[in-house]
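Values in this text are rule-based calculations from the coordinates and carry no lab data. Remember, predicted model here, so these are calculated numbers, not experimental data. Every residue, glycine as well, gets a Cβ built from its backbone with ideal geometry; the counts of neighbours run over all protein chains shown.
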Amino acid sequence: MRNKKKTALLFIDLDGFKRVNDTLGHDAGDSVLKAVANRLTSLVRKSDTVARLGGDEFVLLLREVELVQDVLNMAQKIIDTLGKKVQLESGEAPKIGASIGISICPDNGVNLDELLMAADQAMYQSKERGKNTFTLAAVIEK
């Protein structure tokens with residue numbers, strides 16, 4: 001933590017992606033994943049990181065965050081941006097969503113494994129709450 005600023009990790013699981021792959025094929029799925037990556041990259045600063053973990057899971061690492069509310073605002077921007085239809089070359093325009101789990105360093109851990117585990121658990125809470133939403137991980141009491 002530099003200058004008392006925090007780092008946030010957002011674990012994103014795409015809602016409805018399996019349906020795209022199953023009904024439109026893997027080429028369509030690949031196009032959707034590329035569109036998602038481009039949309040996520042367009043939302044973050046150059047100092048932040050966007051990574052695809054595999055399948056339909058992405059992680060954003062937001063560095064030097066001053067306010068947790070800024071992270072929550074970013075999560076809502078991601079949901080709004082990814083919720084827009086993806087225009088495919090075939091003419092199809094599938095719609096997907098995003099379930100997001102958020103962890104904050106040092107509130108939810110101090111290393112990547114701890115932050116990933118907390119964000120993953122929070123993402124599953126978002127799924128249970130109806131998908132296409134975000135959940136902030138509970139603060140770990142020390």
Checklist entry - Which angle from 0 to 90°, rounded to the nearest 10, does the C-alpha axis of helix 112-128 make with the longest principal axis of the chain? => result 50
Checklist entry - Out of Ala122, Thr49, Leu82, whose Cα points farthest toward the positive end of the dipole of the range 6-136 (charges: +1 Lys, Arg; -1 Asp, Glu; placed on Cβ)? => result Leu82
Checklist entry - When percent of Cα pairs over 18 Å apart is calculated directly from the model, which label among [x] 53; [y] 58; [z] 64 fits? => result [x]
Checklist outcome for this item: Only helices counted: for the chain, with every DSSP H run of 4 or more residues adding -39500 (n - 2.57) and the sum spread over all residues, [θ] at 222 nm is -13500 deg cm²/dmol
Checklist outcome for this item: Extension length gain for Gln125 and Asp113 (0.36 nm per residue less Cα distance), in nm, is 2.5 nm
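Net charge near Leu53, counting Lys/Arg +1 and Asp/Glu -1 over other residues with Cβ under 12 Å of its Cβ?
Numbers: positive: Arg52; negative: Asp13, Asp56, Glu57, Asp120.
Summing Lys and Arg as +1 and Asp and Glu as -1 gives -3.
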Checklist entry - For helix 68-82, what angle does its Cα long axis make with the longest principal axis of the chain, in degrees from 0 to 90 and rounded to 10? => result 0
Checklist entry - In straight Cα distance, which lysines are under 21 Å from Lys6, not counting same-chain residues fewer than 8 positions off? => result Lys46, Lys77, Lys142
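For the chain, calculate the relative contact order in percent as a whole number, restricting contacts to Cα pairs under 8 Å that are 6 or more residues apart. All intermediate terms of the calculation are to be shown ahead of the outcome.
Values: 249 pairs, mean separation 42.0, N = 142.
It comes to 30 percent, rounded to a whole number.
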